[in-house]
Amino acid sequence: MKPIEIIDIDVSYGAKKILEAITFHADAGEILGIVGPNGSGKTTLLRAMSRVVARDNGEIRLDDRDLDSLGHRELARRVAVVPQDISIGFDYTVRDVVMMGRHPYIGRFASETARDVEICDHAMLLANVAHLAGASVHEISGGERQRVLIARALAQEPKILLLDEATSNLDVSHQVEILNIIRDLAGEITVVSVFHDLNLAAYYCDRLLLLKDRKVYAAGTPAAVLTRENIREIFGMEMLVKPHPLTGKPYVLPVYMHQSSAGENRRVHVVCGGGTGSDILHLLHAAGFTVTCGVLNVLDTDYGTAMHLGLPCVVEPPFHGITPESLSGLRKCLDSADAVIVTAMPIGRGNLDNLRVLLEYPATPVLFYARDRSTRMEDYTGGEAGTVLANLEARGALRVEGAEELLARLSRDGSERD
């Protein structure tokens, strides 16, 4: 039995269709994120799930019961909603606001019991607002007010918590604090949350629902939903999508370019290693360049990135130097390259020929790429690599810092060659 099942629902505002044929479910104890562009129906979907707006047809089932069969009090005991922001007109204390969450359990003319007070105290502790219990909600910060609203929702003792971009107006520290509170509830409460920030959604959610044009476009794990292709289709822009180096979750970075075809009809070879080229391979591929790379060890992170992107790559087995066959493959890449990028990678005797061979191509522009001024190439060759680098610079190789400067330099070189 699923805590939430949405079966083929439509929702309209007047004659305007807002949601169409929406079907999905939420598993017990999971965090399900809803993402999509403005106007895709994210907030309307939450409102339909909490019966704030009526659906035209289809079913919404909570624990296998039809939503419409639940009375108002019973619904409030099952489902709590945390909005993006609300204005509280009266000068209530924090405790007063949190106690409002107990209304589904308190009779019309009854007073709160010791049990109600205990539950509210516990909710305030969970939401980290117990120290503000006596403060006016008008005298606390926006982040503190959002935590108060979470505490009020927890005081309802719901099985399902609906969040409507509950952190989007907060600074990053408050966003993380509130989402950590929500994540700590996972397993006890099923959470469905609308997210504006794709990286926060990827990190905190077990699964994502991606909406477009009133319909479900994709559903699944963050890695399955937040692909370059899906983001391009839904949001109309290029993104780098990579596993986070610490969490393994996907994270996205926008490619800030005037047009996605910046590298059209241009070939770039990337000499990289040790993970120093992954960002650049993603960037160049997204910009439309024809990219080759190597020579790389098959266990290298950059090789994995190249395979993920489908880029031609000259490779060698682990703990193996560059063979004549690989060097020949490298030369074929360089013969057709309009430019070569060398990242700030570790250089040992096993991969030194990646640099030496560039001396055979004096007419091909070479760019030494570093993320910032502090990034340096590590030389484990006793100075031989440094000598090759100095010779390449004497022939006109340039140092560039950051992706923006790199793309600008590649575009400038392409214009000059044309």
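The values are calculated or read from the model by the stated rules, or taken from the named source; none is laboratory data. Keep in mind that this is a model prediction, so the values were computed, not measured. When we count neighbours, we look across all protein chains shown, and the Cβ atoms used for this are built from the backbone with ideal geometry, even at glycine. Please note that ligands, DNA and RNA were not included when accessible areas were found on the heavy atoms of the full protein model with its side chains. Shrake-Rupley method; radii C 1.70, N 1.55, O 1.52, S 1.80 Å.
Taken as a whole, the condition of being open to solvent by less than 50 Å² (accessible area, probe 1.4 Å) and touching a Pro at 6+ places or on another chain (Cβ under 7 Å) does not apply to Ala385.
For every residue, the table says whether it meets (1) in a loop (DSSP other than H, G, I, E, B); (2) open to solvent by less than 30 Å² (accessible area, probe 1.4 Å); (3) touching a helix residue (DSSP H, G or I) at 6+ places or on another chain (Cβ under 9 Å).
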| position | (1), (2), (3) |
| --- | --- |
| Leu75 | no, yes, yes |
| Ala80 | no, yes, yes |
| Asp116 | no, yes, yes |
| His122 | no, no, yes |
| Leu125 | no, no, yes |
| Val148 | no, yes, yes |
| Leu154 | no, yes, yes |
| Thr167 | yes, yes, yes |
| Glu177 | no, no, yes |
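Is it the case, given these coordinates, that Ala202 is in a helix (DSSP H, G or I), within 24 Å of Pro254 (Cβ to Cβ) and touching a strand residue (DSSP E or B) at 6+ places or on another chain (Cβ under 6 Å)? Judged against the criteria, Ala202 is a match.
Quick check on the range 6-19: of everything there that is touching a Ser or Thr at 6+ places or on another chain (Cβ under 7 Å) and over 16 Å from Asp213 (Cα atoms), which residue is surrounded by the fewest Cβ atoms within 10 Å (Cβ to Cβ)? Don't jump to the end; show me each part of the working.
Start the filter on the range 6-19 by keeping residues that are touching a Ser or Thr at 6+ places or on another chain (Cβ under 7 Å), which leaves 6-8, 11, 18-19.
Narrowing the set further to residues that are over 16 Å from Asp213 (Cα atoms) leaves 6-7.
Working: Ile6: 24, Ile7: 14.
Looking at residues that are touching a Ser or Thr at 6+ places or on another chain (Cβ under 7 Å) and over 16 Å from Asp213 (Cα atoms), I get Ile7.
Across the range 295-332, the number of residues qualifying as in contact (Cβ under 8 Å) with a residue 12 or more places away in the chain, open to solvent by less than 60 Å² (accessible area, probe 1.4 Å) and part of a loop (DSSP other than H, G, I, E, B) comes to 6. Note on the range 129-146: residues that are in contact with a Lys or Arg (Cβ under 9 Å, 6 or more places away or on another chain) and either buried (at least 18 other Cβ atoms within 10 Å of the Cβ) or without any contact (Cβ under 8 Å) to a residue 40 or more places away in the chain (or both) amount to 3. Apart from one condition, Lys212 fits all of (1) at positive phi; (2) modelled with pLDDT of 85 or more; the exception is (1).
Out of Ala337, Ala385, which single residue is touching a strand residue (DSSP E or B) at 6+ places or on another chain (Cβ under 6 Å), part of a loop (DSSP other than H, G, I, E, B) and not assigned by the TED database to the domain that holds Pro245? Spell out how you get there, then give the answer.
Values: Ala385 fails: part of a loop (DSSP other than H, G, I, E, B).
Among Ala337, Ala385, only Ala337 is touching a strand residue (DSSP E or B) at 6+ places or on another chain (Cβ under 6 Å), part of a loop (DSSP other than H, G, I, E, B) and not assigned by the TED database to the domain that holds Pro245.
With respect to the stated conditions, Val314 is at pLDDT 85 or above, in contact with a Cys (Cβ under 8 Å, 6 or more places away or on another chain) and more than 19 Å from Lys242 (Cβ to Cβ).
Among the residues of the range 209-228, some residue qualifies, meaning at least one is more than 11 Å from the chain's Cα centre (by Cα), more than 21 Å from Ala28 (Cβ to Cβ), in a strand (DSSP E or B) and aromatic (Phe, Trp, Tyr). Considering the range 20-41, and only residues there that are farther than 25 Å from Lys159 by Cα and either without any contact (Cβ under 8 Å) to a residue 24 or more places away in the chain or over 20 Å from the mean Cα position of the chain (by Cα) (or both), the residue that is most open to solvent (accessible area, probe 1.4 Å) turns out to be Asn38.
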